[in-house]
């Protein structure tokens, strides 16, 4: 076999690992919109469990693997879904990223701690994790090996990974494309509201897919355990490499992600086989290839379409930063902290004092997170690389005789330039893409730039002497600690100033709403760029300070994986405020020794930091704000005070009851509902008579669609009740309402644009025979079965909405604006379908703005405006003149403008 | 139909067409708004009102056509650039800057002009070159806060405000920098009658006093009739009628479009 082919083959087989990871990442992301940074950590935990079952407890390979993949991984997935992922989907992107990073930090040491606890306390005879170990593979042991070319060897374990990866990808593809469950998943991803209105339990669906993707991580862990050392960093690193493949699949397509994973393996293998680089010049170039691809993929494909106007979950400021506290009361605690810190530095020994110095240098680095994430709302994962750039630059310059602070300042500028280099192309991409781009850039810097001997000075590193303040030498740790405290204080003051400056206000505006910020002349990109580069600068300066406390910097001091731990640490204490950075600096340096009083294990700090960061799901403002947060939640009196103004006008609604003697099929009583504090419906009462067509008419903004959402269960009402068939269904979710026969066809088209015609039908009609009936009834749809529904014309889409309901008629159909944008001829045929449905016994609620057409088909009319019912009754009581008056406000609305 | 009054300083939209994935949202739409004029846009759901609004504000790109403000052609300008030329807007669902106090919400709308000293001055806070400017800007903000009756909540975070006050913050933010064209997207939704009346007064005041054209999209026809000098009626993406408000509202085409009597094709 030629060298090229054999390299490609072995690389492709290795790429199966990436494919496996990438498939799982895509699956989680499509169904929960959470990019799971902890995916590698989950794989590690599975690998560890597998190893302990096998090597520790002596279970045979196959049962060990089955227990890990079939029991441990799914249970872990279920746990994570319940306590984290479910809540995360309601949080903004920053919280999603930070929380899963926290999980990635906490999980590996946690499982190791559990392992050692089982050994030491519970006396379970586990294998020691102190020694380097390789669990056996699923195949023969020792693995069979094949020499496929000179220097290219394959073994059975690698082959097993590849085969499993292909099977998993094919299996996932089959499940997602060709099963009921897969259809539910895709329908949920496509249009969540419509999916639940069609009877799909969307919560259950996304739970299943989270568990599935965790199980895949479990499988990956078991398969790759024999190939590498059982090291958490290895698994996390593999996952980040696989991220490139997931991004090439646009975080959407599992087959493409899988194929890209394999291709990634091939490229990596070819590069290492063919590209000759001198180890002095660019030693890490080979291992950086995936990150080059990740960055490239993001820039080419990564445009995040989810961040359109009004679709972001708006963050609110931390509840206690409103500035309503007097200035001296805000400053006093920090002044006391500073005094206590200084006093303490003089009391403790020299070693503790050196830790104190380090803690303040770290606090400066953490301040950079407050700027970029706290103020700027961006997650940067390259802060470690910026710190490194600053430190290295300072070290090089001081070795040429520059004074320390000047050298550190230049280092800060170099870090800023590095920041601009990554931020300018990737800022427009949106939060997650920016985080991944900074991650790629961080790894590239780690593996290429900082491995160059001319930069970081090889294995011994570079010296970075401490500064002296005039005659005072800062070689004493006490003095240096105090100087660093002062530097931190000064920088913190600057950061506080920025928040209250025009730049800070512009950034605050951008955080709330980019569109609104642009509408007053603020440039969102410029505001973010400013924050990003200032943050990189502070990180660079802090890096120089931190290195100077050690008086040395070497290539692995600030690595990108360490940067992930940093993110977690700041998030624990509150990434929105400078006080958080101060506390994080102290905790990061001192927690290990504090923990050391209780236990010998060095794993605890990481677990605590990681779990603390996961807690941002509950407390987005960090530990320092927890008490205030709780207090505010208990007594939201100040907020209510302002809400008092918002009483709706209390004009009594001139209600006409529709009561033809029979019991109504659906009864609404006192429905009050709205969105985000805006009350849209101010108390709706009416009853839908059984059989026939009830038309709800009213102008734009009357609240008709809101009412539909409330009836269907998509929007909870804040007051009032919905009764269906004599049963109170107010608490029933939409999918349950659909299954008892109350179905909503939402505004305009009730279709899933990303599913084919056939699949659209299948969501409601699981029996293929029923779908055939549709095709016979609507021959126009038959040739379009395999077409995406968004390619149909407006009229065809409306038929596609109605057709499945004709075959399996609900008891009550609520059809919201079905004629919107349709030509009159199509409107007519649509009404014929409605009439057919009515004749079959279905009660129909028809919502429309244009009333006249409806007068011909409706049996009852409800006229709404501005969130109330203006009039209701049998159609005979209405003619177009009455409705005209109601619409144009001459008689009924009573406005006095 | 009256020929549009061409004014060297007003908004002029010509032959505007926009489509989304094959659906024509706007076809050959024209709109003229002179300084000081209040121009309403009406039409049933799906008529293209919001699309027209978004295209003028720069959030949606036009396929063909030309948008100009006086001598500035803004067809391809970013929303930020348009705002800096004096196109200011409000939103259908109020979007105040929740992180900022009400006062800062308004201040932000002037500060794009720069403060002297750049980021360095931001960091150091007390820079003499800036302080004079700050005083003048605060004075203007105070003026607008008074106009919008927001003095009592000036130092409160805007996120804490009820919808009525939030809409006033949005309006104040849109007028504080003395716009040349004010775009109002359903400004009365969520307002009570007193607030609606207040809003109408301010809009009239801004239009007359500042020589600012106002383009108003609104579903409350009583409100739009009370305020507008002229109207454009849209249906299915096309202009049904335009001209003086009373003529447009009286036209049978408009009644038909709203009520759906007779075929409108």
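The values are calculated or read from the model by the stated rules, or taken from the named source; none is laboratory data. Computed from a predicted model, the values in this text were never measured in an experiment. When we count neighbours, we look across all protein chains shown, and the Cβ atoms used for this are built from the backbone with ideal geometry, even at glycine.
From the residues in the range A:815-832 that are more than 11 Å from every other protein chain (Cβ to nearest Cβ) and over 17 Å from residue A:777 (Cα atoms), which one is modelled with the lowest pLDDT? Residue satisfying both the conditions and the ranking: A:818.
Evaluate the range A:208-221: report whether one residue or more is in contact (Cβ under 8 Å) with a residue 12 or more places away in the chain and more than 30 Å from residue A:55 (Cα to Cα). Checking the range A:208-221: at least one residue is in contact (Cβ under 8 Å) with a residue 12 or more places away in the chain and more than 30 Å from residue A:55 (Cα to Cα). Output yes when any residue across the range B:140-159 is touching a strand residue (DSSP E or B) at 6+ places or on another chain (Cβ under 9 Å), facing another protein chain (nearest Cβ under 10 Å) and part of a loop (DSSP other than H, G, I, E, B), and no when none is. There is at least one residue in the range B:140-159 that is touching a strand residue (DSSP E or B) at 6+ places or on another chain (Cβ under 9 Å), facing another protein chain (nearest Cβ under 10 Å) and part of a loop (DSSP other than H, G, I, E, B).
Of all residue pairs spaced 6 or more apart or on separate chains, those with beta-carbon atoms under 9 Å, a first member in the range A:659-675 that is closer than 13 Å to residue A:843 by Cβ and a second member that is at pLDDT below 80 and assigned to a loop (DSSP other than H, G, I, E, B) are A:664/A:658.
Here is a yes/no grid of residues against (1) more than 15 Å from the chain's Cα centre (by Cα); (2) not assigned by TED's automatic domain parsing to the domain that holds residue B:202:
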site: B:37; (1), (2): no, no
site: B:47; (1), (2): yes, no
site: B:51; (1), (2): no, no
site: B:56; (1), (2): no, no
site: B:62; (1), (2): yes, no
site: B:78; (1), (2): yes, no
site: B:90; (1), (2): no, no
site: B:104; (1), (2): yes, yes
site: B:113; (1), (2): yes, yes
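Taken together, the residues in the range B:114-126 that are within 8 Å of another protein chain (Cβ to nearest Cβ) and in contact (Cβ under 8 Å) with a residue 12 or more places away in the chain amount to 1.
For residue B:84, the requirement of being in contact (Cβ under 8 Å) with a residue 24 or more places away in the chain and either surrounded by fewer than 24 Cβ atoms within 10 Å (Cβ to Cβ) or in the same structural domain as residue B:223 (by TED's automatic domain parsing) (or both) is met. Reported count of residues in the range B:78-95, each being within 14 Å of residue B:188 (Cα to Cα), more than 7 Å from chain A (Cβ to nearest Cβ) and out of contact with any strand residue (DSSP E or B) (no Cβ under 6 Å at 6 or more places or on another chain), is 1.
Note on the range A:841-856: among residues that are in a strand (DSSP E or B) and within 11 Å of another protein chain (Cβ to nearest Cβ), the one that is modelled with the lowest pLDDT is A:848.
Counting residues in the range B:65-79 that are under 20 Å from residue B:156 (Cβ atoms) and either part of a strand (DSSP E or B) or at pLDDT 90 or above (or both) gives zero.
Is it fair to say residue A:534 is within 14 Å of chain B (Cβ to nearest Cβ), closer than 17 Å to residue A:391 by Cα and buried (at least 23 other Cβ atoms within 10 Å of the Cβ)?
Considered against the rule, which asks whether it is within 14 Å of chain B (Cβ to nearest Cβ), closer than 17 Å to residue A:391 by Cα and buried (at least 23 other Cβ atoms within 10 Å of the Cβ), residue A:534 comes out as yes.
With respect to the conditions (1) at the interface with another protein chain (Cβ under 7 Å from one of its Cβ atoms); (2) in a loop (DSSP other than H, G, I, E, B), residue B:222 lacks only one, and its number is (2). Among the residues of the range B:96-113, those identified as part of a loop (DSSP other than H, G, I, E, B), more than 17 Å from residue B:185 (Cβ to Cβ) and in contact with a helix residue (DSSP H, G or I) (Cβ under 8 Å, 6 or more places away or on another chain) are B:97, B:98, B:99, B:100, B:112. Among the residues of the range B:176-191, those identified as surrounded by fewer than 24 Cβ atoms within 10 Å (Cβ to Cβ), touching a residue at least 60 places away in the same chain (Cβ under 8 Å) and more than 9 Å from every other protein chain (Cβ to nearest Cβ) are B:178, B:179, B:180, B:185.
Summed over the range A:144-180, residues that are surrounded by fewer than 14 Cβ atoms within 10 Å (Cβ to Cβ) and touching a helix residue (DSSP H, G or I) at 6+ places or on another chain (Cβ under 6 Å) total 1. Residues of the range A:477-489 include none that is without any contact (Cβ under 8 Å) to a residue 24 or more places away in the chain and within 12 Å of another protein chain (Cβ to nearest Cβ).
Would you check if there is a residue in the range A:504-522 being free of Cβ contacts under 8 Å to residues at least 60 places away in the same chain and surrounded by fewer than 18 Cβ atoms within 10 Å (Cβ to Cβ)? The answer is no; no qualifying residue exists.
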